[in-house]
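What follows draws every value from the coordinates through simple rules; no lab data is involved. All values reported here derive from a predicted model rather than from experimental measurement. Glycine also receives a Cβ, built like all others from the backbone with ideal geometry; neighbour counts cover every protein chain displayed.
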Amino acid sequence: MDDVRDCTIEQNWSGYSADEHAIWRLLFDRQQRLLVGRACQEYLDGLRGLGVAAGGIPDFRRLSDLLDRATGWRIAAVPGIVPDELFFALLARRRFPSTCFIRRRDQLDYLQEPDVFHDICGHVPMLMNRVFADYMQAYGEGGLKALRLGHLTELARLYWYTVEFGLIATPEGLRIYGSGILSSAGESVYCLEDSHPHRLRFDLRRVMRTRYHIDRYQQTYFVIDDFAELFAATRPDFAPIYREIAALPEIAPDAVLPGERAWSKKEGPCVSTARV
Ligand code: PHE
Ligand code: FE
């Protein structure tokens, strides 16, 4: 793990300017208003437990101590996107790689690469939840294995459609748990309220076959019932599953297959009703 040390940096919290903290405040205030009633309760609990708030960019050391006590995770400061193998190795050791820089004022609405707001406000609160914390570690181990087997593409789709863009069904309706949505003002509303995207029940093989766009709102979201279900669905050995889906065609980001049904609020959690 020497390369882990080589790739991690110091956050240098005292080096942030007043303007950088002000950008955090703008982003945070806006998401706070949008996320009540849209984010899942596990996320809101995590935010509160960490004391991540409008004050300014948090000090990673303080967050790591709180996280560590709750679920054994810590934050590893990194300069940007880290190589796949290192990323998985960090997750497998319950280290979450977080960028340190914050976007500029002209990028408040959209940024293609992760910044500290996405990583800390989007991802880290979910790691306060025990089941989700275990899922992320298992994903890291699964990533190392997928690399060896040559099936990173399929595994990355699972991350994309759960960790980054996942929705969860609750008795009150759909809620967001995906970090890519939680840190985006536009997509926080779009994913739940717009009539265009498909909202389909989570299915492991279906997700691993589905391509995605990285530069626009998603055309399909996958809905889980709870985190224990997600963890259970991903527990089996993926090696035979990779072989099985390798023989099947990929699925376009906007496709709905015959027999697939949209998630319907009326019917309660994830019970399907034709709307396709
Ligand atoms: N069970 C998966 C495997 O054998 C590992 C994994 C767990 C992957 C959770 C993703 C999420 O590869
Ligand atoms: Fe992310």
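Assorted remarks:
- Residue match in the range 73-86 (condition: farther than 23 Å from residue 39 by Cα, touching a residue at least 60 places away in the same chain (Cβ under 8 Å), in a helix (DSSP H, G or I) and within 16 Å of ligand 2 (Cβ to nearest atom)): yes
- Considering the range 90-110, and only residues there that are of a type outside the set (Lys, Arg) and part of a helix (DSSP H, G or I), the residue that is farthest from ligand 1 (Cβ to nearest atom) turns out to be 106.
- Pairs meeting the criteria (first residue in the range 155-184 and of a type in the set (Lys, Arg), second residue in a helix (DSSP H, G or I), beta carbons under 7 Å, at least 6 apart or on different chains) are 157/207; 157/208.
- Just so you know, in the range 152-178 the residues that are within 20 Å of residue 35 (Cα to Cα), within 14 Å of the chain's Cα centre (by Cα) and of a type in the set (A, V, I, L, M) include one that is farthest from ligand 1 (Cβ to nearest atom), and it is 176.
- Selected residue (only one of 158, 147 is buried (at least 22 other Cβ atoms within 10 Å of the Cβ) and of a type outside the set (Lys, Arg)): 158
- Residues that are outside any helix (DSSP H, G or I) and at negative phi within the range 111-158 comprise 111, 112, 113, 114, 115, 129, 151, listed in sequence order.
Condition check ((1) of a type in the set (Gly, Ala, Ser); (2) more than 30 Å from residue 93 (Cα to Cα)) across all residues:
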| site | (1), (2) |
| --- | --- |
| 11 | no, no |
| 25 | no, yes |
| 29 | no, yes |
| 37 | yes, yes |
| 45 | no, no |
| 50 | no, no |
| 53 | yes, no |
| 57 | no, no |
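- Candidates 38, 74, 61 - the one that is basic (Lys, Arg) and over 18 Å from the mean Cα position of the chain (by Cα): 61
- Only residues that are over 23 Å from the mean Cα position of the chain (by Cα) and closer than 18 Å to residue 78 by Cβ were counted across the range 9-27, and they come to 6.
- Applying the criterion of being within 16 Å of ligand 1 (Cβ to nearest atom) and surrounded by 23 or more Cβ atoms within 10 Å (Cβ to Cβ) to the residues of the range 111-131, the residue that is farthest from the chain's Cα centre (by Cα) is 127.
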